[in-house]
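The values are calculated or read from the model by the stated rules, or taken from the named source; none is laboratory data. Since the structure is predicted, the reported quantities are computational estimates derived from the model, not experimental observations. All Cβ positions, even for glycine, are placed from backbone atoms using ideal geometry, and neighbour counts span all protein chains on display. Each accessible area value is taken on the protein alone, full model and side chains, heavy atoms only, with ligands, DNA and RNA left out. Shrake-Rupley method; radii C 1.70, N 1.55, O 1.52, S 1.80 Å.
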Amino acid sequence: MIQIIFVLFLLFNVVTLEGNMSNYENKGLIANGQIYDVEKYPFVVSIVINTFLNSIAAKAICTGSLISQWFVLTAAHCTQNTTIADINVFHGNSHQQIRHIYQHNMYNPITFLADICLLKLRKPFKNVDRYISVSGHPDDFSHGKSLNCVVIGFGITADVSKPNLIGYMTNSSVTYGPTACQLSNRSNIIDTWKEYLCSKPDIHMVCPGDSGGPLICNGFLYGIASHGYNFKELSKNFECGSSDIQTRHLFVHIYEKWITNIITNIGSPLISHFNLYFISIMLVLYTVNVL
């Protein structure tokens, strides 16, 4: 049997300065959400990546969180096979280029192991003075407990002709454990469940363009939006806002030491990521053989 996993990553074609949308119609950004409060969450940023799709100029959108004045935490699949020159980080009308991409060297695009990345900015944002701290522990979910969290992301909605970089938010109930995700008996989940917090299926959910966006629980950054799948019809397309979709967030607790090592430059040598070519599609699809 083949299970299709959908990366929460959005790519749109840009042919002229104004930009032309592809024929993909997205029902929403954060499905059934609302515009997020910038004053309450000043650390959320959008990430725009210049690339080419079939020799046509294109841009990819992801989301990230400022965990210090210099570092943005996001998903590794957002920066796979790209260069520092291709990435711009936006906060409102301000944007910054990046100095380094620190993509986890264990990242696996098939199993989604270590789907985590840090971007170091060339300059801090002058209008941001508050950042989010990484936290969370498996004990927070003991005895089947779930947490009511907030997810925030950027992307393209169906009623606009091009990205307007407006962020949206919604609530999400998340759980943790070997059976927290639907289809927990599938090989890709059996192998990676310790890495992921699973959102309870709901019409309120993250969507394409929200990759790398924060999962905020108890006021702390617990997770990073990574991917999702239709647990009722495994081969069915990702439908943003469908209660048949399970979305998974990388549990940053697993990588706290890795994050600290990079930020403080202690431990393993820092390795910048400078690959020269970026290949993607509107929704990046990976097929995984399962038991």
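Results for (1) under 19 Å from residue 131 (Cα atoms); (2) touching a Leu at 6+ places or on another chain (Cβ under 7 Å), shown as yes or no for each residue.
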{"site": "64", "(1), (2)": "yes, yes"}
{"site": "76", "(1), (2)": "no, no"}
{"site": "79", "(1), (2)": "no, no"}
{"site": "84", "(1), (2)": "no, no"}
{"site": "89", "(1), (2)": "yes, yes"}
{"site": "94", "(1), (2)": "yes, no"}
{"site": "97", "(1), (2)": "yes, no"}
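Condition check ((1) part of a loop (DSSP other than H, G, I, E, B); (2) at pLDDT below 95; (3) on the phi < 0 side of the Ramachandran plot) across all residues:
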site: 105; (1), (2), (3): yes, yes, yes
site: 111; (1), (2), (3): yes, yes, yes
site: 143; (1), (2), (3): no, yes, no
site: 150; (1), (2), (3): no, yes, yes
site: 157; (1), (2), (3): yes, yes, yes
site: 162; (1), (2), (3): yes, yes, yes
site: 170; (1), (2), (3): no, yes, yes
site: 180; (1), (2), (3): yes, yes, yes
site: 183; (1), (2), (3): yes, yes, no
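Condition first: part of a loop (DSSP other than H, G, I, E, B) and either farther than 19 Å from residue 65 by Cβ or at pLDDT 90 or above (or both). Can you find one or more residues in segment 94-102 that meet it? Step through it out loud before you land on a result.
Kept after step one, since they are part of a loop (DSSP other than H, G, I, E, B), are these residues of segment 94-102: none.
No - not one qualifying residue is present in segment 94-102.
Among the residues of segment 189-204, those that are open to solvent by less than 10 Å² (accessible area, probe 1.4 Å) and either farther than 21 Å from residue 138 by Cβ or not in a strand (DSSP E or B) (or both) comprise 189, 192.
Entry remark, segment 41-70: residues being closer than 18 Å to residue 258 by Cβ, in a strand (DSSP E or B) and open to solvent by 10 Å² or more (accessible area, probe 1.4 Å) number 0 in total.
Matching residues to (1) open to solvent by less than 20 Å² (accessible area, probe 1.4 Å); (2) closer than 27 Å to residue 136 by Cα; (3) of a type in the set (A, V, I, L, M, F, W, C); (4) modelled with pLDDT under 90:
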position	(1), (2), (3), (4)
211	yes, yes, no, yes
219	no, yes, no, no
223	yes, yes, no, no
228	yes, yes, no, yes
243	no, yes, no, yes
270	no, yes, yes, yes
274	no, no, yes, yes
286	no, no, no, yes
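Mind checking whether some residue in segment 30-53 is closer than 16 Å to residue 226 by Cβ, under 14 Å from the mean Cα position of the chain (by Cα) and at pLDDT 85 or above? Looking through segment 30-53, at least one residue is closer than 16 Å to residue 226 by Cβ, under 14 Å from the mean Cα position of the chain (by Cα) and at pLDDT 85 or above.
Please verify whether segment 120-141 includes one or more residues that are open to solvent by 30 Å² or more (accessible area, probe 1.4 Å), over 30 Å from residue 175 (Cβ atoms) and outside any loop (DSSP other than H, G, I, E, B). The answer is yes; a qualifying residue exists.
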